[in-house]
Every structure is written in C-alpha cells, then in structure tokens.
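As structure tokens, the structure follows; a few thoughts come after it.
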C-alpha cells in the first residue's frame, strides 16, 4: 500500500455537536457524537467508500474533511498540510485540490444561475482572487470542454437548472467539481437521488473521469452494491466509528464484523432464486442515539453474537489480515 | 374461499392530468389481476405512473387536475370507479388498505398512536372506543413494537422511521384487508430496517393470505417479495411475468437494460456497468409510438410511429410483453 503516496490522511477525527438547554442562558447538557474518532487514509488514484446507515456520521466525516464542518479534534492532512490549522487564505488555495459532489442535484445548484455560469463560477472566483490567471475567453473554453466531457450538449449552457433532468443536473454538479482540476473528489451520495437507469450512467461517468484525470475519491453511499462497484476499499461506519475496512472484494467474500454481516445480508439481491435461499440476519431495534454516553462496543445492544466482554471493553480497529481491519473482539 | 381466487381485476385504467404544458397521460391503459395471497410487484422509475395507478384504483386522485378517464377496477364484482364516494369509502381501509413511502407525513402528529389505529377499527368494525383501543394495542404487539402498552400513548415524533412504518402497517392490517397496497414502503428506510419491514409484510401476507401490491423501484425488493411482476414505463405495462422468468429471461429491452444496469454484489465489479442511454420521456402529449424507442438499441421503423400490441408469451404463468421484437406478424 506504501508504493502509492498518501494523498489524504485523517487521524482521530471527532465531530461533536453540542446539545444546549435554556433559552437565554444556554448551557451545554451533552453532545451528539456524530463522528467519534475516525482514522483512514487515501492513496493517490484510489477510491475509498464510506458506507453506513443514516446517522452513522459518514456525511459529517466528509464535511469535516472538506472543512465545512468544524471538527472537535483530530487531523485532516492533505498532501502534508493539516487543513484544520490553515489560515483562511491558505485554506482557499488548498480547496482547489478537493471538491465536492453533493447528493441532491436539485438543491445544490443555484436556481437563478445558468448551467454554464454554475460550472464557470469556481474558475471565476479563483481568477478574481488572483489565484488563477484566466481570461473570460479561457474560462468559456474550459467550461465548454467540461460540459462536453460530462455529457452535456454545449447549447445547454444558457439553460437554468429547472430545465434539466436529475441525471443532467448531477452532470452539471460533477462538471463544477472538476472545474478547478482537483486531486480529491468528495462524493456525498452522488447517485442515491437518481433512478436506476440514470444511476449507472453517472457511475460510469465518474469511473471514466477517475481514470482520465487520475482522481482520488472519498465516495459516500448507503448502498453497498454501488460502493462495491465503484471503490477499491470500503470502510463500514456505525455510530460515528469505522467498524471494518477492507478491499472491496475481500469485504464481500470474507466479512468479519457482525454489523457488516448484517448489513450485507439485508441488501435485497435482484435474483429471486438467491433471495429464496438466503438467510437474513434481522437486526433487532434501531440504531441507538449517538448522544448517549456509552462504554464498550457501540454495536453490542443489537449484536447477535455479543459476549460479556463487549459491555465494558471498547473494541479497537485492528488488522486481522493484510489490509483488512475490524473492530470486534470476536474477529 | 379458494386459494387462488381472483380478488381484484383492473382493466384498461387510464389517468390523465391537465397541465399548462398539455395533457399528461400518467397512466395509459393498465390491466392486471390479483389473486388471494399473491404478491404482485409493480416496478418502474419515477414518473412511470406506478403510484398514480394505485391511487386511481382507490379513487384518491385529486380532480382537477387529474381524472380517471377510462377503465374498470373490479373488486368483489363491483366496479370501484362507478360507485358513489360513500360506497368507495367503505372499501378503502376495510378491504383495500394502503401504506405509503413516508410514514411521518402519513401520520397525524397531534394524535397518540393508539388513537390513530383505533379510529379505523371503530369505523370499520363498529366497535366502541375501549374495545378498539384494546385491539389497537394488540396490533402494535403483533407488528413487534416493544412495550406496546406504554408506547401506544406516544406520538409519531417519538417513534423512529422504522417504527412509524410498522404503525402504518398496523393501521393497514387492523381491519384485516383483502388487499394491501404498499407504495415504496421501505424507500425512506435504511437497509437493516428495510429488511425488518419486508420480513414483517412477508410474514403477514403468508399468515393472513392478504394479497399485496408492492410498488417499488428496487428490483432487489421485487426479487425477494413478489410472485409476479409488472414493469411500467411511461404509464404502460411493458412486460409482465412471474418473478423468475422476469429476472432470468427478460423479454423487453427496457427490463433487460434495467437488470443489467444495477451494480451487484454477487458479480465481479471489474466489468463496466451497462447503462440505458438517455432519460425517461416527457409524458406531455406523448405520441402513439413506443415510448422507449429513443433509448432502445433494437428500435425499428415501426417503433417510431405505432405502439406495440401486448403479446402473450409462452411460459408457466401468464406472461405478456409489449414490444415489436416479439410480435410475430407485423402489420
């Protein structure tokens, strides 16, 4: 794994949101531990998938990496510099290297801007600030090339977002993210809002772009099949922590953590014969509240194989086989 | 009552919406029948008319702008579309119950859970409130709400998404309906909770011999739940088949394309995903062509100007497909 330089390294990332009481005199009565000690790294050209259920902290992790959410603790090191300690000016320069593709292609595009302007906006902002040195003609040329590359006809540049379908809007969002030639793309559920037949178009586009521009992806999704198709490595999150990480094929073939097992067995397969003979692990209850103070394994209340030790000793993420790590006492 | 007795027959159902842009034929001649204990899947992408078709059956389409323009919905020998509003109301909930995608907006936020379930029981079973309350708590117990005697007094916001959907199912089943229409019942839920809910519906339909119409866009859910499947595209059923035949020998190019474009965990992710080019058609003033022809790789001249007739295919169950490729003698 060390032959490739590490592009991004996240160490001990924590994002805690305060819970406050009182109307005038607010006092802090607790905190929601949305992300509670997450470590991972991304090598150049790699795609890492973060998967988990709603509320597990996967989006918050991405937003904290992007410095759009203030982390409580930890380091986010991109190409040797810790983004959390940069001055606003330096952070702006660093931002050119990482861009985001959002989940909802409806609310993430300004409805009053034309598609061409949306894609050109990052280039204009960076030119105005003197970080990039582009003339309006160069920006127009670059925008046209990006639209073409993302499968948008060039005469679409004068149209407004509402004139596009969901898939086309997501293409605009992708073109905008690519405008500054970033190295890292944070893709937060980029295909979850799309129909099945459109989803595969966007996944293929992202895969082609990854090869062409040597992009590194932090890919967030709740759909394990999508993640498995797109990513080289997968990290499964539960209640603000990574519980298992492994190369994609390995995670499916040799699942170690009981939560990953339950998650995999819960996914409906588009194959009736397989569906009939599968035995599902039906988890009891819901995900516990991330605000409660807890000791031991966060998964133990729902875990089908929990033992005495799980109640008082928090399992750490440890290497079981090469590149395969699990946070379970029993694996 | 016989086991495979037909309980619902829909013939040539058409629903149109008058909009500023023109006439939208949301549902354009849908026919199917449902047998006792059967689970019928209705699959389609957004805008294919799957929800409108089911709302039309229960006369829940708002008029104007929408209007059911043709067709019959035969239940118990009566055509639901010709009955008076009052007569239809007796069937809704009592014989045909519905659960919706979003359980939060379908529940009344200011009434306790038990009262909402008891309301339907009082109305349809002519029970007094105390007796209805006992039955409501019983229902909560049956669908696996922990501590039902206490939780019955909670309000919807105190329940999690999965539990709210369970409450919806309890309401739907409290009157022991003959048919349960589930409109994307698990789309808003996480996979592990989805597995719980699907398990519940499957068990109940087996125990009570309730016929289920399962509306979904998820082919994985269809594979695990349904006996027979209708594939909808632009307001029409393009293919109908028993579940195994649909998945293993899809006939319509759209069905085939849809199946090939889902990323799958049980297959290698090395190969590129297939994707259907283009996007679903605009339903405003759709001409009488095959609506799929602009996206179809087998499109012929005839597909561009005439809608293909429904062709019965040889098979174990009743299997039909609407595609010129399968019409033996082309006029």
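Summary of values
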| read-out | value |
| --- | --- |
| Tally of residues being within 11 Å of chain B (Cβ to nearest Cβ) and either assigned to a helix (DSSP H, G or I) or over 16 Å from residue A:54 (Cα atoms) (or both) across the range A:217-229 | 6 |
| When residues of the range A:248-267 are limited to those that are within 22 Å of residue A:36 (Cβ to Cβ) and part of a loop (DSSP other than H, G, I, E, B), the one farthest from the chain's Cα centre (by Cα) | A:256 |
| Those residues of the range B:48-98 which are out of contact with any strand residue (DSSP E or B) (no Cβ under 8 Å at 6 or more places or on another chain), touching a residue at least 24 places away in the same chain (Cβ under 8 Å) and more than 22 Å from residue B:180 (Cβ to Cβ), in sequence order | B:85 |
| Residue satisfying all of: in the range A:28-51; touching a helix residue (DSSP H, G or I) at 6+ places or on another chain (Cβ under 8 Å) and at negative phi; surrounded by the most Cβ atoms within 10 Å (Cβ to Cβ) among these | A:35 |
| Condition broken by residue B:214, with the remaining ones in (1) within 11 Å of chain A (Cβ to nearest Cβ); (2) closer than 20 Å to residue B:49 by Cα; (3) at pLDDT 90 or above satisfied | (1) |
| Residue within the range A:283-297 that is within 13 Å of chain B (Cβ to nearest Cβ), more than 24 Å from the chain's Cα centre (by Cα) and surrounded by 13 or more Cβ atoms within 10 Å (Cβ to Cβ) present | yes |
| Matching entry among B:207, B:245 (being over 15 Å from residue B:40 (Cα atoms) and more than 9 Å from chain A (Cβ to nearest Cβ)) | B:207 |
| Residues of the range B:158-196 that turn out to be within 21 Å of residue B:37 (Cα to Cα), within 14 Å of another protein chain (Cβ to nearest Cβ) and out of contact with any strand residue (DSSP E or B) (no Cβ under 9 Å at 6 or more places or on another chain), as a count | 3 |
| Scan of the range B:145-159 for residues that are surrounded by 17 or more Cβ atoms within 10 Å (Cβ to Cβ) and farther than 14 Å from residue B:112 by Cα, ordered by number | B:145 |
| Lone qualifier among A:74, A:45, A:55 - being farther than 24 Å from residue A:169 by Cα and part of a strand (DSSP E or B) | A:74 |
| Unique match (being within 19 Å of the chain's Cα centre (by Cα), more than 13 Å from every other protein chain (Cβ to nearest Cβ), modelled with pLDDT under 95 and surrounded by fewer than 21 Cβ atoms within 10 Å (Cβ to Cβ)) among A:232, A:214 | A:214 |
| Sole residue being part of a loop (DSSP other than H, G, I, E, B) and either within 23 Å of residue A:291 (Cβ to Cβ) or free of Cβ contacts under 8 Å to residues at least 60 places away in the same chain (or both), chosen from A:19, A:23 | A:23 |
| Restricting the range B:265-293 to residues that are touching a residue at least 12 places away in the same chain (Cβ under 8 Å), surrounded by 13 or more Cβ atoms within 10 Å (Cβ to Cβ) and out of contact with any helix residue (DSSP H, G or I) (no Cβ under 9 Å at 6 or more places or on another chain), the residue that is nearest to residue B:231 (Cα to Cα) | B:291 |
| Enumerated helices (runs of 4 or more DSSP H) restricted to the range A:82-197, each holding at least 1 residues that are farther than 30 Å from residue A:6 by Cβ | A:115-128, A:136-149, A:166-178 |
| Test for residue A:309: is it without any contact (Cβ under 8 Å) to a residue 60 or more places away in the chain, loosely packed, with under 15 Cβ neighbours inside 10 Å and outside any strand (DSSP E or B) | yes |
| The lone exception for residue A:207 - which of (1) touching a residue at least 12 places away in the same chain (Cβ under 8 Å); (2) crowded, with 23+ Cβ neighbours inside 10 Å; (3) at the interface with another protein chain (Cβ under 10 Å from one of its Cβ atoms) it fails | (2) |
| Sole residue being free of Cβ contacts under 8 Å to residues at least 12 places away in the same chain and assigned to a loop (DSSP other than H, G, I, E, B), chosen from A:290, A:270 | A:270 |
| Selection from the range B:99-110 of residues that are closer than 17 Å to residue B:172 by Cβ, in contact with a helix residue (DSSP H, G or I) (Cβ under 8 Å, 6 or more places away or on another chain) and free of Cβ contacts under 8 Å to residues at least 60 places away in the same chain | B:108 |
| Unique residue being surrounded by 15 or more Cβ atoms within 10 Å (Cβ to Cβ) and assigned to a loop (DSSP other than H, G, I, E, B) when the list is B:81, B:74 | B:81 |
| Index of the failed condition, residue A:242 passing every other in (1) under 14 Å from residue A:48 (Cα atoms); (2) at the interface with chain B (Cβ under 10 Å from one of its Cβ atoms) | (2) |
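Conditions tested, residue by residue: (1) on the phi > 0 side of the Ramachandran plot; (2) touching a residue at least 12 places away in the same chain (Cβ under 8 Å); (3) surrounded by 21 or more Cβ atoms within 10 Å (Cβ to Cβ); (4) touching a strand residue (DSSP E or B) at 6+ places or on another chain (Cβ under 9 Å).
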| site | (1), (2), (3), (4) |
| --- | --- |
| B:211 | no, yes, yes, yes |
| B:215 | no, yes, yes, yes |
| B:222 | no, yes, yes, yes |
| B:225 | no, yes, yes, yes |
| B:229 | no, yes, yes, yes |
| B:235 | yes, yes, yes, yes |
| B:241 | no, yes, yes, yes |
| B:250 | no, no, no, yes |
| B:259 | no, yes, no, no |
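To keep it simple, each residue is scored yes or no on (1) under 23 Å from residue A:62 (Cα atoms); (2) surrounded by 20 or more Cβ atoms within 10 Å (Cβ to Cβ); (3) touching a residue at least 12 places away in the same chain (Cβ under 8 Å).
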{"residue": "A:89", "(1), (2), (3)": "yes, no, no"}
{"residue": "A:97", "(1), (2), (3)": "yes, no, yes"}
{"residue": "A:101", "(1), (2), (3)": "yes, yes, yes"}
{"residue": "A:109", "(1), (2), (3)": "yes, yes, yes"}
{"residue": "A:118", "(1), (2), (3)": "yes, yes, yes"}
{"residue": "A:121", "(1), (2), (3)": "yes, no, yes"}
{"residue": "A:129", "(1), (2), (3)": "no, no, yes"}
{"residue": "A:148", "(1), (2), (3)": "no, no, no"}
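The values are calculated or read from the model by the stated rules, or taken from the named source; none is laboratory data. The structure displayed is predicted, hence computed values, not measured ones. Cβ sites come from the backbone with ideal geometry, for glycine too, and all protein chains shown count toward neighbours.
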